[in-house]
Amino acid sequence: MRRENGPTGETSRHNVAKKRRANARVKRHRLRYIQRMPSADARLVAIVEDEGTIREAIVSALAKEGYLVESFGDGMSAWEAFARRLPDLAILDIGVPRIDGLEICRRLRTVSNTIPIIFVTSREEEFDRVLGLELGADDYLCKPFSMRELMARVKVLFRRASLPAVADRADDEQPAKVGDLMLDPLRLIATWKDVPVPLTVTEFLLLQSLARRPGIVKTREQLMQETYPDAVSVTDRTIDSHVKRIRRKFESVDQSFAALESVYGAGYRYVGPGE
Ligand code: CA
């Protein structure tokens, strides 16, 4: 007579359970290990900086935050690497050999309007040059700066850049139409008379802050707060430069664009339809 649940059957069931427990242990161990490593979809931050000590300091600060980091001491090697894989954010020193930071920024902007770009520079005067050139960088930092400040800015820029990935946004994140302007905050896309106008994240947020309340004047201070939510220090000039760039971009789509109005001594306002 055959026994259904003989000693052999129980032993094998016992073994199976034992194996399962062992597998679970291995899995838990592996999970702990992976959590300590940057995850496969960790953001890639590129640094182009020819001063070794600053470069190393930035690299280790970023790595500590869990970012994947690649660093370059000159512009040429950076650009060659970007041709293979674009970084998710770039930190550019202006004065680097072979291809300078300004040119790298210009080139990056020809392939992507949304990669956040932070300029670092050793001279305050260089900002005038950067702003004057209107390269579409998102942020500027003057040396010496603290790693904490740089990390804060990196975080803010990534948070803004990741807005499209967030599925459940509030009503005010729905596409909004103001006359000929359409703003889609989920995808960070702006169109004018149905023609897409490529904007950087900063430009988008600034325009959105004005266009949401047509006719209302916003001071540069207010615009700074809404465009740089973590209160990083930007100057009035930065806002002016962004506005100028936004205007130029819309004018290249429609020469008669005049919706972004300067209000002397006060700030800016978005001129609504029918005004
Ligand atoms: Ca340098």
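Just so it is clear, none of the values below were taken in a lab; they were calculated from the coordinates. Quick caveat, the model's predicted, so the values are computed rather than measured. Here the Cβ is made from the backbone with ideal geometry for all residues, glycine too, and neighbour counts use every protein chain on show.
What to note about this one:
- Spin-label pair ARG248-ALA17: with each label point 7 Å from Cα along the Cα-Cβ axis, the two points sit 7.3 nm from one another.
- Taking a straight Cα-Cα cut-off under 29 Å and skipping sequence neighbours fewer than 8 places away in the same chain, the lysines within cross-link reach of LYS218 are LYS155, LYS177, LYS193, LYS244, LYS249.
- Once the chain from ASP240 to ARG98 is taken as fully extended at 0.36 nm per residue, the excess over their C-alpha distance is 48.0 nm.
- Rounded FRET efficiency, nearest 0.05, which uses the C-beta distance separating SER256 from GLN222 and R0 of 30 Å: 0.65
- Difference of contour (0.36 nm per residue) and Cα-Cα distance, GLU275 to ARG159: 38.3 nm
- Gain upon complete extension [MET147, LEU86; 0.36 nm per residue less C-alpha separation]: 19.6 nm
- Ranked list, fewest to most other Cβ atoms within 10 Å of each Cβ, for SER209, SER262, SER146: SER146, SER262, SER209
- Treating r as the C-beta distance of ALA176 and ARG106 and R0 as 41 Å, the FRET efficiency rounds to 0.85.
- Spin-label pair THR53/VAL263, simplified geometry with 7 Å Cα→Cβ offset, distance in nm: 4.9 nm
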